[in-house]
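The values are calculated or read from the model by the stated rules, or taken from the named source; none is laboratory data. What you see is a predicted model; the values in this text were computed from it and never measured. Here Cβ is always computed from backbone atoms with ideal geometry, including for glycine, and neighbour counts include all displayed protein chains.
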Amino acid sequence: MRTIVMVCVLAFLCTGIITEGAGGAQVEAAAAEDRATWLWNPWMFVEDESGTLAFLASKELNKVYVQIDQEMPADAYRSFIAEAGVQGIQIYALDGAPNWVSRKGYVQQDRLMTWLQHYQAGSASAEKFAGIHLDVEPYLYSDWASNQAATVKSYQALLSRAADNAAALSLPIEVDMAFWFDEISYKNQFGIGILAEWVIAATDSVTIMAYRDSAALIGEFARNEVAFAGKHGKSLVIGVETGQTAEGAYLSFFEEGEAYMNKQLSLVQQQYNGTASYNGIAVHHVGSWMTMKP
């Protein structure tokens with residue numbers, strides 16, 4: 001499981017970068033956008049809560065998708081969420097795996113939802129998760145290659161179930177999505193259409209994994225999805241990669257470093273400035289971002 005304000009430089013990534021030519025109203029609009037990341041290892045804040053929070057605060061984040069480990073003490077999540085809230089950071093419950101689209105895979109998602117129901121019921125307001133963020137990536141499941149249509153239908157059923165569960169918990173539901181889902185069509189009980197549009201319409205927000213290391217490609221990969229989100233009144237966040245990958249150096253900012261990434265992301269923001277459905281950036285992920293070269 002793994003796995004963009006006219007001349008305004010990314011507020012959440014700024015490390016001494018100055019915003020130019022932005023009026024007060026523009027600054028407020030930028031602040032409303034998601035400035036997010038994934039935290040796959042929750043034991044990180046069990047071992048060093050203050051250090052983890054200091055890093056997140058230094059990036060001026062306002063949302064973190066935190067992996068749910070049901071073996072971890074719930075009080076560790078409660079403490080982290082409460083302290084993150086003091087710094088204006090919302091915490092979303094993160095989980096998912098490719099095999100969740102298998103015949104009985106929904107059981108694992110149900111376990112997550114049951115855990116969340118008990119957790120929310122036993123937590124004070126300041127300790128509760130602000131939403132749910134799923135990372136399923138069905139194309140990594142073995143049946144995708146042999147029976148894509150059935151796997152797509154199973155994925156749609158899974159997300160529909162998740163949306164119902166999230167509604168019962170009064171929580172927004174978000175998902176990670178590959179940038180090429182606009183090339184996947186479906187024709188089944190959910191209708192006829194393009195998978196990317198269906199996922200966007202079925203959830204509250206989508207983070208598109210536009211994993212490339214140039215503003216031109218990142219912006220282009222998100223273009224159809226931003227349009228779909230606008231059509232359905234939903235929001236779209238653009239995700240980028242910082243980790244080292246064997247899939248190709250062009251997928252990540254690992255080689256170029258953070259300063260270069262910041263410049264590219266500011267260009268992406270300029271592309272989508274004033275687009276209502278565009279809702280910010282998510283950097284994947286805390287572990288690799290922490291060790292990224294300047």
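Does Ser79 count as out of contact with any strand residue (DSSP E or B) (no Cβ under 6 Å at 6 or more places or on another chain) and outside any helix (DSSP H, G or I)?
Considered against the rule, which asks whether it is out of contact with any strand residue (DSSP E or B) (no Cβ under 6 Å at 6 or more places or on another chain) and outside any helix (DSSP H, G or I), Ser79 comes out as no.
Could you tell me which numbered condition Lys128 fails, if it satisfies all but one of (1) buried (at least 19 other Cβ atoms within 10 Å of the Cβ); (2) farther than 30 Å from Ala74 by Cβ?
(2)
If I filter the stretch 275-294 down to residues being polar (S, T, N, Q) and not in a loop (DSSP other than H, G, I, E, B), which single residue comes out as nearest to Met44 (Cα to Cα)?
Looking at residues that are polar (S, T, N, Q) and not in a loop (DSSP other than H, G, I, E, B), I get Ser288.
Exactly one condition in (1) crowded, with 20+ Cβ neighbours inside 10 Å; (2) in contact with a Leu (Cβ under 8 Å, 6 or more places away or on another chain) is not met by Leu195; state its number.
Unmet condition: (2).
Among residues belonging to the stretch 188-208 that are over 27 Å from Glu247 (Cβ atoms) and of a type in the set (A, V, I, L, M, F, W, C), point out the one that is farthest from the chain's Cα centre (by Cα).
Ile192
List the pairs whose first member sits in the stretch 209-225 and is more than 16 Å from Thr245 (Cβ to Cβ), whose second member is assigned to a helix (DSSP H, G or I) and of a type in the set (D, E, K, R), and whose Cβ atoms are under 6 Å apart, counting only residues at least 6 apart or on separate chains?
Asn224/Asp182
Restricting the stretch 127-164 to residues that are among the acidic types (Asp, Glu) and part of a loop (DSSP other than H, G, I, E, B), which is nearest to Ala36 (Cα to Cα)?
At the first step, the residues of the stretch 127-164 found to be among the acidic types (Asp, Glu) are 127, 135, 137, 143, 164.
With part of a loop (DSSP other than H, G, I, E, B) added as a condition, the list becomes 135, 137.
On the way: Asp135: 14, Glu137: 19 Å.
Per the stated criteria, the residue is Asp135.
Among the residues of the stretch 82-110, what is the count of those that are of a type in the set (D, E, K, R) and in contact with a strand residue (DSSP E or B) (Cβ under 9 Å, 6 or more places away or on another chain)?
So the count comes out to 1.
Could you please give the count of residues in the stretch 240-274 that are hydrophobic (A, V, I, L, M, F, W, C), under 20 Å from the mean Cα position of the chain (by Cα) and in a loop (DSSP other than H, G, I, E, B)?
2
The rows are residues; the columns are (1) out of contact with any strand residue (DSSP E or B) (no Cβ under 8 Å at 6 or more places or on another chain); (2) among the aliphatic types (A, V, I, L, M).
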| position | (1), (2) |
| --- | --- |
| Glu137 | no, no |
| Tyr141 | yes, no |
| Lys153 | no, no |
| Ala157 | yes, yes |
| Asp176 | no, no |
| Phe179 | no, no |
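Out of the residues in the stretch 275-284 meeting the condition of being surrounded by 15 or more Cβ atoms within 10 Å (Cβ to Cβ) and more than 20 Å from Phe55 (Cα to Cα), tell me which one is nearest to the chain's Cα centre (by Cα).
My answer is Asn279.
Of all helices (runs of 4 or more DSSP H) completely enclosed by the stretch 1-74, which ones contain at least 3 residues that are modelled with pLDDT of 95 or more and either touching a strand residue (DSSP E or B) at 6+ places or on another chain (Cβ under 7 Å) or closer than 21 Å to Val240 by Cα (or both)?
Passing ranges, in order: 49-58.
Ala246 passes all but one of (1) in contact with a helix residue (DSSP H, G or I) (Cβ under 8 Å, 6 or more places away or on another chain); (2) of a type in the set (Gly, Ala, Ser); (3) under 27 Å from Pro42 (Cα atoms); which number fails?
Ala246 satisfies every listed condition except (1).
Take the residues in the stretch 65-101 that are hydroxyl-bearing (Ser, Thr, Tyr) and within 21 Å of the chain's Cα centre (by Cα), then tell me which one is surrounded by the fewest Cβ atoms within 10 Å (Cβ to Cβ).
Tyr92
Here's the yes/no breakdown for (1) buried (at least 20 other Cβ atoms within 10 Å of the Cβ); (2) under 18 Å from the mean Cα position of the chain (by Cα); (3) closer than 21 Å to Leu236 by Cα; (4) at pLDDT 95 or above:
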| position | (1), (2), (3), (4) |
| --- | --- |
| Leu112 | yes, yes, no, yes |
| Gly122 | no, no, no, yes |
| Asp135 | yes, yes, yes, yes |
| Gln148 | no, no, no, yes |
| Lys153 | no, no, no, yes |
| Ala163 | no, yes, yes, yes |
